[in-house]
Amino acid sequence: MRKWKTLRLGDIGAIVTGNTPKTSDKENYNSNDLSFYKPSDIAENNVSYLNASEGYISEVARSKVRILPKGSILVTCIGIIGKIGILEHEATCNQQINAIIPDQDICLNRYIAYSIFFNRDRLRDIANAPVVPIVNKTQFSNMIIPLPPLEEQKRIADILDKASNLIDLRKQQ
């Protein structure tokens with residue numbers, strides 16, 4: 001068995017903080033061309049697979065935001081800390097969210113999402129404000145997670161996906 005490593009989130013992929021196009025410019029919002037994720041789109045008690053958002057921006061606003069590819073991991077870092085989602089399509093997000101665009105040669109996005117999810121308390125401890133908790137991009141990038149070999153990441157993520165699905169089914173009952 002190969003040894004597990006520990007790496008900073010900033011070492012497993014690009015970290016991107018979202019941004020919001022000017023709301024006063026109506027052209028930015030006159031059509032639903034690109035999903036625009038906010039914390040309210042992401043569930044609090046599990047890893048969300050994100051395929052539709054409440055808000056959208058127009059194609060005109062595309063050049064004014066940071067585009068995130070399918071498979072990016074979204075993590076809320078202002079207000080409610082540690083809501084986690086995985087993009088199932090190209091999208092963008094607001095500034096309350098940091099995204100990880102994972103290096104697929106060394107990590108599996110589902111494993112990284114679960115690893116952050118199960119370490120949310122550490123992430124919340126990093127937050128530096130008692131009234132409105134904030135984890136800045138540097139703090140977020142420096143968070144350490146365990147990183148087993150890819151095949152082990154897949155095995156762990158598959159098990160956690162099954163467990164999460166069973167929990168969701170139980171809640172529905």
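The values are calculated or read from the model by the stated rules, or taken from the named source; none is laboratory data. What you see is a predicted model, and the numbers here were worked out from it, not measured in a lab. Cβ coordinates were reconstructed from backbone atoms using ideal geometry, including for glycine residues, and neighbour counts include every protein chain displayed. Side chains included, ligands, DNA and RNA excluded: accessible areas come from the protein's heavy atoms. Shrake-Rupley method; radii C 1.70, N 1.55, O 1.52, S 1.80 Å.
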Collect the residues in the stretch 89-142 that are touching a helix residue (DSSP H, G or I) at 6+ places or on another chain (Cβ under 6 Å) and open to solvent by 10 Å² or more (accessible area, probe 1.4 Å), keeping them in residue-number order. Q96, P102, L108, R110, Y111, Y114, I126, Q139, S141
Every residue from the stretch 1-19 that is among the aliphatic types (A, V, I, L, M), surrounded by 19 or more Cβ atoms within 10 Å (Cβ to Cβ) and part of a loop (DSSP other than H, G, I, E, B): I12
Restricting the search to the stretch 143-173, which residues are exposed (fewer than 13 other Cβ atoms within 10 Å of the Cβ) and either of a type in the set (F, W, Y) or without any contact (Cβ under 8 Å) to a residue 60 or more places away in the chain (or both)? E151, I159, K162, A163, N165, L166, L169, R170, K171, Q172, Q173
Looking at the stretch 16-52, which of its residues are farther than 28 Å from K162 by Cα, in contact with a strand residue (DSSP E or B) (Cβ under 6 Å, 6 or more places away or on another chain) and in contact (Cβ under 8 Å) with a residue 60 or more places away in the chain? V16, T17, G18
When (1) assigned to a loop (DSSP other than H, G, I, E, B); (2) at pLDDT 95 or above; (3) surrounded by fewer than 16 Cβ atoms within 10 Å (Cβ to Cβ) are applied to S53, the one that fails is (3)
Count of residues meeting criterion [open to solvent by less than 10 Å² (accessible area, probe 1.4 Å), in contact (Cβ under 8 Å) with a residue 40 or more places away in the chain and closer than 14 Å to Y49 by Cα] in the stretch 75-86: 3
Among the numbered criteria (1) crowded, with 19+ Cβ neighbours inside 10 Å; (2) part of a loop (DSSP other than H, G, I, E, B); (3) not aliphatic (A, V, I, L, M), which single criterion is violated by K22? (1)
